[in-house]
1. Round to a whole angstrom and tell me the spacing of the C-alpha centers of region 73-101 and region 120-168.
2. Once fully extended, how much extra length lies between VAL98 and ARG232, figured as 0.36 nm per residue of separation less the alpha-carbon to alpha-carbon distance?
3. Counting Lys and Arg as +1 and Asp and Glu as -1, each charge on the Cβ, what is the dipole of the chain about the Cα centre in debye, to the nearest 20?
4. Mind sorting out which of (1) 106, 72, 49; (2) 68, 57, 49; (3) 90, 76, 56 is the real Cα extents along the principal axes in Å computed from the coordinates?
5. Using a 1.4 Å probe, what is the accessible area per residue for the chain, in Å²?
6. Please work out how much length the chain gains when fully extended from ASP78 to ARG403, using 0.36 nm per residue of separation minus the C-alpha to C-alpha distance, in nm with one decimal.
7. Under the rule of -39500 (n - 2.57) per DSSP H run of 4 or more residues, summed and divided by the residues of the chain, what mean residue ellipticity at 222 nm is obtained, to the nearest 500 deg cm²/dmol?
8. In whole Hz, with x marking every Gly and Pro, tabulate ³J(HN,Hα) for region 575-587 from phi via Karplus 6.51 cos²θ - 1.76 cosθ + 1.60, θ = phi - 60°.
Amino acid sequence: MEVAKGGSRTVRGVPPGSAARAVPPGRTAALRDPVALAAGLLIGVSLALRVLVLGDSYFVEDDLVFVGNAYESGLTLDFVTRIHSGHLMPGSLALTWVLSRVAPYDWTLAAGVTLLAQALLGVLALRLLRLLFGTRPMILPFLAVLLFCPLTIPSFGWWAAAINAVPLQLALVLALTAQVRFARGEGVRYGLRALGWFVAAMAFSTKGIFVGFVLLGVTTAFLRDRETGWARSVIAELRGHRRLWGAYAAVMAAYTGLYLVLRSLSAEAGGGPPVPGVALELVGTMLGRTFPAGAVGGPLTWTGSGATGGLAAPSDALVAVAWLVTAALVGISLAYRRRALRAWVLLGAYLLAADAVPTVVARGGAMAVSGAEPRYVADAVVMLMLCLGFALLPAEGERDAYRRPLPAGRTRALAAVLAAGAYLAVSTVSIEGYRATLTGDLARDYLTTAEAELAAAPDDVVIYPTPVPRTVMVPWLGDERLSSRALAPLARPALRFRMANPEPTHDAKVFDRRGRLADMGLFGFFQAVRPGERCLPVTDGAVVFPDVTAPGGPATAGSLSYSAVRPASVTFEAGEERLALSLRATPGDLIHFPVRGVGEGVRIVIDDPAAQVCLTGMALGTPVAEGEEPA
């Protein structure tokens, strides 16, 4: 009982004048709850490990593609609905656009957003587990699986993957939380919230379309009438809430139609149809080795290193142990827990439908090694956490959950502590092993150096495009790997335009492999005057190279060495291109120029034969820093 008087209050049981903490009762209880405190500790330790991963990571590969594209476009519908590597992800592209405009290539900003999202995921996953199974110590091992599973680490440290994977996991957890409350009769608004989070999942990842099936499966397997058969429960759910599930179907159909239309209009080349042998090897690696090993804390060992880290390379012994542990968990859960089979079916169906099939469609034509990339199954770790809970624990309000009496409480607690401890130890070793494969320092050094060089460069500098080093971007990214696109966000606007449109110059610069501006050379065709000759021979007012092929494109350039008594001009001809070059009076000089024309045969026309221009050499090829070869 409280009595307000004169702006003060007296609380029963608290002597007047004594100090009292102004903490709401619910918050006080949470602070004293050992489960909440232990969960907070797990979340904090997991974030500390992930901070170390972020410290050894940096912007690489597709990250530079996204940021470069953001600077070539406004935040338009056309930009956010572009298909990239088969993905439709308007939310991810919009997020990248905003952060890039705030501070391009600011790893502290990008990593901070990723870490904040991961922290939120941990808190929301804890809320979901407490909602489903109550506040009990046994939910902590399942939370630890989500927080520490090494399968989630590669997609967490690589920005281009993180903006898909982490929002998808967040949306899945939030959708499940809302769906649980809806299924428990707390109001239609929660069903609509679940639908909204389903849409949000699709905005960040094409895998988001499977969230709707997860919600239906979990609802009918564990949240509605559990005593009837699963198939009957599905039918009853669809009939009983036909409008809501009809909305899900309509959204799925609209999203699928939009995706197919955008994919057909995309200029992106597909990877070709899956090859049966490659597809089987990919799925076998993914579901037979990578996921089982990761589910028990592996893979322990990683192969290779590079911009995005190594690939999972679990030993045969670890894979065997992983399958033994899986078999033991399945067997024990089926022996004790009613409806445990439904949990394992949900997990298996998700792995096949949401992870294996899309990866086969995208990579099954030639890249079986994709099965060893944990990022393709990172989203399934949320399902692993959820299904482990359903397979071993009764849901809140569930009666008659077990077939037979459980072992003594102390025995169960000891087993859980030992299993969780082993899992955390193995996972930590795996995470640190992955961190050792990262080469983010190379990308950081390159981009930091390039940024400083651009800041110091004069406004009239002419920089020709060269490929960013392989340690930062892989060769198959094509023209998107050129410095004129990848490094443009680091340049001031006027210089950014000149990088994309280099002009003829006597002082051409390019970025070398360390990100410094260096004098430009050319790798390709070169012809100088023959011994005993002073100039290249002129025929009908032009120097002709009939056997030279001009490939065109943004990464092709030419150069002429010459002497001239007075200023003059020549015209470079390749295919349909005609480019006038202004020469200065000089006893010997070199002019560089972009070559956009495509065709067989090159002509250099001397516009004024009386100008006494002497061409002493011509080169045509790929711009490189002097002393280097193409990256």
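The values are calculated or read from the model by the stated rules, or taken from the named source; none is laboratory data. Computed from a prediction, not measured in an experiment: that's the story for all the values here. Ideal geometry is used to build each Cβ from the backbone, glycine not excepted, and the neighbour counts take in all protein chains shown. Each accessible area value is taken on the protein alone, full model and side chains, heavy atoms only, with ligands, DNA and RNA left out. Shrake-Rupley method; radii C 1.70, N 1.55, O 1.52, S 1.80 Å.
1. Result: 26 Å between the Cα centres.
2. Taking VAL98 through ARG232 to full extension adds about 43.5 nm, to one decimal.
3. In debye, rounded to 20, the chain gives about 4440.
4. Checked against the structure: label (1).
5. Counting only protein heavy atoms, the per-residue value for the chain is 45 Å².
6. Separation in residues times 0.36 nm, less the Cα-Cα distance, equals 111.4 nm.
7. For the chain, the value works out to -15500 deg cm²/dmol.
8. My calculation for region 575-587 gives x, 8, 7, 10, 10, 7, 10, 8, 9, 10, 5, 6, x Hz in order.
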